[in-house]
Each structure stands twice: as structure tokens, then as C-alpha cells.
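Student: Here you go, one structure.
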Amino acid sequence: MCLRIVVSILPDVTSFVGRQAEVDQVRRRLAASRLVTLIGPGGAGKTRLATRVAQDHPDEFRFVALDSLRDPGLLAQTVAAELGLRDVPDEPTSRVVDFLKDKSLLLVLDNCEHMVRACGTLVGEILEAAPDVRILATSRHVLGVGGEQLLPVNPLPVPQVRNGKLVGDTDAVTLFADRASAAAPRFQVDADNQETVVKICQRLDGMPLAIELAVVWLRVLSLNELLTNIDDRFRLLSRGEQTKPERHQTLTATVEWSYELCSPEERQLWARLSVFDGGFTLAAAAEVCDIDRFEILTLIADLVDKSVLIRTGDQDIARYRMLDTIRQYGVERLHQSGHLAEFRARHSRYFMEFGRGLAAEWFGHRQLELVAQTRREHANIRSALESGLTDGDGLTGARLAVSLHFYWLNCGFFGEGRRWLDRVLKLDLPADLRVQALAVNAYATAGLGEGHTAVHMGQQGVDLARTLDNDELLWLALYCRATSALVTGDYPSAEKCYAEAIDCYDRVPDPGARMFPPYAARGMTAAFCLDGRRALELGERAIKFSVPHGELWARAYAHYALAMAKWLLGDLPACLREAAESIQLHLRFNDLSGFVMVAEVLAAIALGNQENERAAAILGVVERVWSEVGGSLLADSKPWLEPHQACAAQLRQVMGEQRYAEAFAVGTANGASLAAASAYVLSGHDRGSPLTKREQQVADLVAQGATNKEIAVRLDISRRTAEVHVDHILRKLRFASRSQIAAWVAAGSSQSVGTH
């Protein structure tokens, strides 16, 4: 029977929460490799994970804690002592290696980051001389030894709260509840407080150490008070257990331990990078931090190796992020250096140019790519807007806000766009910038259901634009003014403004992808005037413009105009095809308002076909989806309010209140996300699948949540072949994400996105 020895380690005095997947992964790695390094930021739980693995390891193990060792020259001597060797000579490394040559054991080296070179040298010699020794190291920095297998130890996953339930992995909340019950025995996580607990865990990045330090305060603070104070985390989380290593007694000590391991150049970059929120690319870091791109690449690599930065995602362009706790520490350091305002200003200017560049290409073939880029930078954009509107004259933030018109208006962010633009319009703006702010805010306001306010704002923009002799500005002002008129049911004004906007477009010598002629919106106006043939003509003209440009967002509204035109002309199958095309495109942009418009048509068609339950359910879907916008498109909108009210009233009369409410609730339940809502309202419309048999199998597995690796195993194909199949499916269906494939499958595998 093997002897199990644990040296210089305290037994667990609290329960081990979560991490079972990581425990299993470490065991598999150790079975295949002789050196596994658990790498991650301070406080992530590397030591506890290593302890759990070691305690369950089939061989004898020895645990050597290095956190209190400061002299790398004493490393081998320390390991020798923990191995039980006495009277070690002046050259302890050879004695350690000789001792381990014929041993079969697991050697755990805990906290190697402050003496990486010494640890790497010793580990290399042990591995070469002792074939049956395996080494499990924990470190914030890679050891850099040949054959080293890295296993990142990330913070615990934090769930979300949806419909009163925790969704996703709950390890962080479970740890919070476990430790809180010890600090405040009567405390329990329940339906009333779980959202607050989740917010606290999110603010703390799911970091086990930070959570354990935070819950101690429940002895004196309420849960809500703890949440209120959590942003001042370095002061709040300064009461640790005296039995813990010094570096783990306070959050500040944990982060400072990492900071002290960095070179002066790495510390400077850490501080400057803290102005980013939500991650960054190498190009953005070089520009904002004012460091040569090749020099910064080396420094970023060093910070990744030290677990200060985390490489995220599998995008074509690498992104990096800091845990928020590490970022906040960097902000404090940058503030202490007196350079915080300088680098926040550089950050705001960078994203102002970022927004301008995207806006100049919006109505072109890169739309979905631009949407993805903007979504990835949403947190940075918010930070840049806040500082750009607050500092100096505020014009940097103002220019960023108006340049993002495509994002606010086309991708489901009416409410947020309006909040920023309301602030912009309070500034002393140049005339051209004021025209843009008025126009974009008018559109957003109309989208939120305040049509008459939008009309007034839009008219201000048009009046000012007419004084500037700039067709591009006048085009924007007229387009947004027309949309405000359409929402309020003033069809003559909408038609007149859309027509003049098209004239403005035609006069611009090189509109590029900055502008587009609003044929689709004009076609919608014709449909609301019950002129089906005119709506058909304009809708087809919009498609003819969009297809060669690779433009998709305006095309979605062209399909909507065509759906209404076909409906008016009595071609119901064609109407349903056009509606399905429109919804699939709106889904790709997360365009909630566009989806709602088309869904209203489908509800009316279902009512006309005496599919009463389905019609009522679609109205429920509409209600649920639109609640996400923060306003009510129907509140001040004749084109949609009157048909909506008429449809609901007729359904109530035919079905009775109870049946209507039950069917409506089914729709509400199916509107939890735009993907689910789209799948539900499209269900039952057979449009023929464009996928091969194998691609359909892959799509079905994607819908079940399978990864490419799992798909490869299930279908007995290579992982690369699985990736190619997924890519082909995305291209054929013109989708941007796997979730859209899942929604498409859920709606019925016979559906597809057709082409014109």
C-alpha cells in the first residue's frame, strides 16, 4: 500500500465547490504527460484544485508550498527538506534528483510564479532523471519547460437569472451560498435574493478568493449593502483569515503579488491597458497605449504568461482581456501616476475613429462582420462614450455616438442610442454634428413609440440641414424625418421625405457604402396606403440595389415590403416566403423592431386562416420581444397599433378571454430570445432545405449544442471536416452564429433562407 504524505499544507477547512470538470481534466493530463501546470490569476483556486487532485492521486504524492520562499537559490534545498532529506550538501539539486530517480510519485510545486526560472531548471532535471515522477505545478506564469502541459484555471462560472431561474453553471453562486452560510448561518440563496447574489459574483469575476473575502461581510452588512459597496473592492475585501497565506488574506495582497512579479515595462502596460473595458485587440492596445506594435506584442505575451491578461475567443483576430479586479487595480495605478485622463482620452479617440470607419462601410457586403466587431467592442464603446462626453468639450463622445447610428438603429439598441444622443444634444455642437444627432435621435425616438416627439426632432434636423448645402446630411435628416412620419401614420409626409432622400442620394458623387436609397421604406409606405403594385415595384427595386452591394439590413425591410405587397395582391404563399426571408435577416442583426413588424403580418395571416391559437400566440411573442426594447412601437403608431388592436379584439371575441390568454402565454414563453421567437413564428412554413444530407445531420447536432469536436466523434469524421460543414451551413443559410442554426432547426429543418 502506497504511503500518502502531505507536507507543509493545511487540510481543507471548507468544502470543495465545483471544479469537477477541471479535476477530471487534470487527472487525464497527468495520465498522458509528466508535467502539468495549473496556470491562472491569483485567487482563482489553483492551490485548492491541485490539493484535491493530489489527495485522490493513486500514487504517493509530496506537496511543496513555495509562496513563503523568497530566495530562488534555496529552492532545491526546500524541496529536499519536504522530501524528508536531511543534511543536504551544498549542491542540493543533485541530491533531490538522485533521491527521485527510482521513485514513483506525484510532486506538487505550489506557487512557482516568483521563481519561474529556478523552478523550470529543477523540474527539467527531475523529469530527465526520474521517469516515474510526475509534476503538478501551480503558477501565475508558465514554467517554459519542454513537454509542459498548461491547464488554465479560470474563475468560477457565474449563471444568469432568466424568468426567476438560474441559467448556466452555478458554481460561483454555490460557493457564495456555502461560504455565506458559515459567515451568517441564517443566510440562504433563494428566489428573492438570487439576482443580487449573481450580480455580486459577476462584479467579482467569479473569483473564488474574492467571493470568500466578500461573504465575510454578511456578518455586518445586508446583501444589498454588500452589492452597493463591492465596487470599492480593494478596501472592502481587506479582512481575510489569518490562517491563510499572506497573499490570500486580502484582495489587494493577491493582486499586488502579481504586480510585483512584473517588470517596470509590464506594470506600465498593465496600467495603460486598464482603460479598456471588455477586452481589446493588439492593434487597439498599440494605438491607445502609445507603444510600438512589435514591442507591445512581446509585453502582452509576457502579461499573458503571468496570467494578468487572458486570451479570449477563437476569432480570426486575437483578443485579450483582464479580469475586472485586475483591471480596477490597473486603473488605480494609472490614476496614481497622473496619466488616467490622458489614456482615457486616447481610448475615446480610438473608438471614435473605429465608429467612423464602420459607419463608412455599413451599407455594404461587410455588414455582418461590422455588427460582430461592434458587439465585441460594446463595453469599450460605452466607456469611450462616457469619457468622451464628459471630458473637455464632449465632441469626441458626440462624434462616436452619431457614427454608431447603424448600431443603435439597426441592431436593436434604440433605447441605449437615445440615452447617449439625448446627452449629445445638450452640448454646444457644430451644425453638421447637430443635424446628425437630431436625425439619429429622431429615428430612435420613433422606434421607441414616441412618434410625435420624433417628428418634431426630425423636422429640426431637416431645417438645419437645408442651411448647410450638404446632400449627405440632408439625406440622413430626410430619411429619419420620413421614418418618424411613417410611424405616426403621416404617409404623405413620409412619401415626400423618402423621395427627396433618394434624390439626395443620387446627387452624391461617390456615396460608397455610407448611404443607401430608402426604396424599401418607400415600399412599406405604399403598402400602408394599400397600393400593392407600387409596394411590389419599390420592394423589388430595393432588392435590386441591395444584392450587388451585399447589403442585408435594408434588404430585410425590402422583403417586409414585398410580403405586404404579396398579401395585398392575394399571393399568400409568396407573402409567407417573403416574411420568412425578412425574419431570418432581422435575426442576424438582432433587429427587434423589424422582427415585430413582420410577426404582426404573420399574426394577421393566421387570423385570416382561422388559426386563432397561433395568431394569439404570435401576439404574445411580439409582446415579449418588444419588451426588450424599452419602449412600445405600437403606442404612438397608426400603421401597427390599429391592426394590432383589431387583431387582438377579434381573437378575444372569437376565442374568449381565457383561451386567448392561454394562447398568448404560449407565445410569451416562446419569445425569451429573438432566435426562439423567430423559430416559433416561422414554424410550419415549408420552404425547402438548401443543405445536403450530411450538412443537415451536422445542423441537427449543432442545434443539440454539440461542439465541432463532438460532431466529429458522433459522425466519425475529422474535426476539420466538421468545421468545414458548419462553415458551409452558415454560408448557405447566410447566418452569423451557431445559435441561428439552432433556431433554424427548431423552426423546422425544411426551412431555408432563399435568394433573390
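Student: How far, in degrees from 0 to 90, does helix 693-703 lean away from the longest principal axis of the Cα atoms of the chain, to the nearest 10?
Tutor: Helix 693-703 sits roughly 70 degrees off the main axis of the chain.
Student: Relative to the longest principal axis of the C-alpha atoms of the chain, give the angle of the C-alpha long axis of helix 431-447, reported between 0 and 90° and rounded to the nearest 10°.
Tutor: Around 80 degrees separate the two axes.
Student: How much length is gained if the chain between residue 571 and residue 719 is pulled fully straight, taking 0.36 nm per residue apart and subtracting their Cα-Cα distance, in nm to one decimal? Before the final figure, lay out each step's value.
Tutor: Details: separation 148, 0.36 × 148 = 53.28 nm, distance 4.50 nm.
This chain segment gains 48.8 nm when fully extended.
Student: Within 9 Å, Cβ to Cβ, of residue 157, how many net charges do the neighbouring residues add up to if Lys/Arg are +1 and Asp/Glu are -1?
Tutor: Details: positive: none; negative: 169, 171.
Summing Lys and Arg as +1 and Asp and Glu as -1 gives -2.
Student: Rank by packing, highest mean first: peptides 160-167, 519-526, 486-493, with packing defined as the count of other Cβ atoms within 10 Å averaged across residues. Before the final figure, lay out each step's value.
Tutor: Numbers: 160-167: 11.9, 519-526: 27.5, 486-493: 19.2.
The most tightly packed comes first, giving 519-526, 486-493, 160-167.
Student: At each listed q (0.06, 0.09 Å⁻¹), what is the log10 of I(q)/I(0) that the Debye formula gives for the chain modelled as equal alpha-carbon point scatterers?
Tutor: Calculated log10 I(q)/I(0) at the listed q: -0.47, -0.96.
Student: Tell me which aspartates and glutamates have Cα within less than 19 Å of residue 199's Cα, excluding those fewer than 8 residues away on the same chain?
Tutor: Once the sequence-local aspartates and glutamates are set aside, what remains near residue 199 is 169, 171, 178, 190, 212, 225, 231, 232, 277, 324.
Student: Next up: Check the straight Cα-Cα distances from residue 709 and name the aspartates and glutamates below 16 Å, setting aside those fewer than 8 residues away within the same chain.
Tutor: Residue 709 reaches 314, 695, 700, 723, 727.
Student: Evaluated at 4 °C with a viscosity of 1.567 mPa s, what Stokes-Einstein diffusion coefficient in µm²/s does the stretch 20-152 have when Rh comes from the Kirkwood expression over alpha-carbon pairs? Provide the component values of the computation, followed by the final result.
Tutor: On the way: Rh = 14.7 Å.
D = 88 µm²/s.
Student: On a full-extension model of 0.36 nm per residue, what is the gain between residue 378 and residue 510, subtracting their alpha-carbon distance, rounded to one decimal in nm?
Tutor: 44.5 nm
Student: Let me ask something else about it. Between residue 652 and residue 419, what FRET efficiency follows from the Cβ-Cβ distance if R0 is 45 Å, with the result rounded to 0.05? Before the final figure, lay out the partial values.
Tutor: Details: r = 36 Å, r/R0 = 0.80.
Efficiency computed from Cβ-Cβ geometry: 0.80.
Student: If I model a spin label at residue 611 and residue 427 as a point 7 Å from the Cα along the Cα→Cβ vector, what separation in nanometres do I get?
Tutor: Rounded to a tenth, the inter-label distance reads 4.9 nm.
Student: Which value, to two decimals, describes the C-alpha radius of gyration of the stretch 324-371 once divided by 2.2 N^0.38 Å?
Tutor: Working: Rg = 15.8 Å, N = 48, 2.2 N^0.38 = 9.6 Å.
Output field value: 1.65.
Student: Return the aspartates and glutamates within reach of residue 306: Cα separation strictly under 12 angstrom, same-chain partners fewer than 8 residues apart disregarded; answer none if there are no such residues.
Tutor: The reachable aspartates and glutamates, counting only those whose Cα sits under 12 Å from residue 306, are 113, 260, 266.
Student: Each residue of the stretch 617-625 in order: what ³J(HN,Hα) in whole Hz does its phi give by Karplus 6.51 cos²θ - 1.76 cosθ + 1.60, θ = phi - 60°, with x for Gly and Pro?
Tutor: Couplings: 5, 5, 4, x, 4, 4, 4, 5, 5 Hz.
Student: Mind pulling the angle between the C-alpha long axis of helix 264-273 and the longest principal axis of the chain? Nearest 10 degrees, somewhere in 0 to 90.
Tutor: For helix 264-273, the angle is close to 30 degrees.
Student: Hey, another quick one. If you take every DSSP beta bridge fully contained in the chain, what fraction is antiparallel? Give it as a percent rounded to 5. Intermediate values should be presented prior to the final figure.
Tutor: Working: 8 of 29 bridges.
Counting DSSP beta bridges with both partners in the chain, the antiparallel share is about 30 percent.
Student: Another question, if that's okay. Based on DSSP H runs of at least 4 residues, each adding -39500 (n - 2.57), what is the mean residue ellipticity at 222 nm of the chain after dividing by all its residues, to the nearest 500 deg cm²/dmol?
Tutor: -19000 deg cm²/dmol
Student: Short version: what are the Cα gyration tensor semi-axes of the stretch 693-746, square root of 5 times each eigenvalue, largest first, in whole Å? Walk me through the numbers on the way to the answer.
Tutor: Details: eigenvalues 54, 26, 16 Å².
Working from the Cα gyration tensor, I get semi-axes of 16, 11, 9 Å.
Student: Pop a pseudo-label 7 angstrom from the Cα along the beta-carbon direction at both residue 98 and residue 697 and give the gap in nm to one decimal.
Tutor: 6.2 nm
Student: Determine one quarter of the surface area of the Cα convex hull of the stretch 262-338, which equals its mean projected area, and express it in nm² to one decimal.
Tutor: 4.8 nm²
Student: Okay, moving on. Averaging the inverse of every distinct alpha carbon separation and then flipping it gives the Kirkwood radius. What is it for the stretch 542-672, in angstrom units?
Tutor: Working: mean 1/r = 0.0661 Å⁻¹.
After inverting the mean inverse Cα-Cα distance, the result is 15.1 Å.
Student: A follow-up question, please. Along the Cα→Cβ direction, 7 angstrom out, place labels at residue 33 and residue 222. What is the inter-label distance in nm?
Tutor: In this crude label model, residue 33 to residue 222 measures out at 4.9 nm.
Student: At 10 °C and 1.306 mPa s, grab the translational diffusion coefficient of the stretch 347-515 from Stokes-Einstein with a Kirkwood Rh over Cα pairs, rounded to a whole number in µm² per second.
Tutor: Numbers: Rh = 15.9 Å.
Translational diffusion coefficient: 100 µm²/s.
Taken together, the values in this text are just the output of simple stated rules run on the coordinates, not laboratory data. Keep in mind that what you see is a predicted model, and the values were worked out from it rather than measured. Using ideal geometry, Cβ is built from the backbone for each residue, glycine included, and neighbour counts are taken over all protein chains shown.
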